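Comments concern the structure below.
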Amino acid sequence: MKVVRPICIVIASLLGGCASTSPRFYTLVPESGRNPSGAVAAGYRLEVEPVRIPAQVDRLELVTRLPDGGIAIADGDRWIAPVADELQSALSVELLHRLVGADPADAPGSNWVSVRLNVERFESSPNQYALIEASWHLELKEAGKDLKVVCRTRAYEQVRGGYPEMVRGYQRAVALIADQIATVAQGSVGGVAVECLSLATAGAPPVLSHSR
């Protein structure tokens, strides 16, 4: 017994030292309960296609930029779903909030709004900024007309805090992108495309293009 007891104490101490804290999870999907802020004509279906995002940041762990230009991966702070899925869900919620006359993609109807988001930069640094730079493709079909618009948005949000504030910065960036998409969609109902060059963008001036 004199030999066994110290061994048990050592083993118990090692096991206790290996215990890790539970990870913290975050989402880009905003809280519910806000009032609608816009509308399109009733009877439109809204479809947000799968989002494309650089493979380097499409992971569950939060990836941040270090002051020296390096990259940090936060093992204890994670997205609740892959970033591409989070962006698709968050953008869908934000657009349905703004386009209150639109229905989800599975609703019946011949008129529809389709959005495809191609993210080029998804970057952040705690206590500094959150950035989403992306091109988005809007297609509006109504009464036999097929209208297409292509724009680019650089949504830069200043951040004053750690990971929770950084995530909220990303949420604001998604909301800005949704604002711009909704503005073009609302103005293009009737078959005349709105020029996305007239849109204001947070951060540095955007590079925008337009097509029909």
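The values are calculated or read from the model by the stated rules, or taken from the named source; none is laboratory data. Note that the structure is a prediction, hence the values are computed from the model and not measured. Please note: Cβ atoms are built from the backbone with ideal geometry, for glycine as well, and neighbour counts cover all protein chains shown.
Structural remarks
- Among the residues of the stretch 45-62, the ones that are part of a loop (DSSP other than H, G, I, E, B) and within 26 Å of His97 (Cα to Cα) come to 5 in all.
- Matching residues in the stretch 158-176 - criterion: being under 13 Å from the mean Cα position of the chain (by Cα), within 23 Å of Phe25 (Cβ to Cβ) and either at pLDDT below 95 or not polar (S, T, N, Q) (or both): Met166, Val167, Arg168, Gly169, Tyr170, Arg172, Ala173, Val174, Ala175
- Among residues of the stretch 69-101, those that are within 18 Å of Leu140 (Cα to Cα) and among the polar types (S, T, N, Q), counted: 1
- The one condition from (1) touching a residue at least 40 places away in the same chain (Cβ under 8 Å); (2) among the aliphatic types (A, V, I, L, M); (3) not in a loop (DSSP other than H, G, I, E, B) that Ala81 does not meet is (3).
- Meets criteria (at pLDDT below 95 and either charged (D, E, K, R) or in contact with a helix residue (DSSP H, G or I) (Cβ under 7 Å, 6 or more places away or on another chain) (or both)) for Asp85: no
- Members of the stretch 143-162 found to be out of contact with any Asp or Glu (no Cβ under 9 Å at 6 or more places or on another chain), closer than 14 Å to Arg116 by Cα and crowded, with 21+ Cβ neighbours inside 10 Å, listed by number: Cys151
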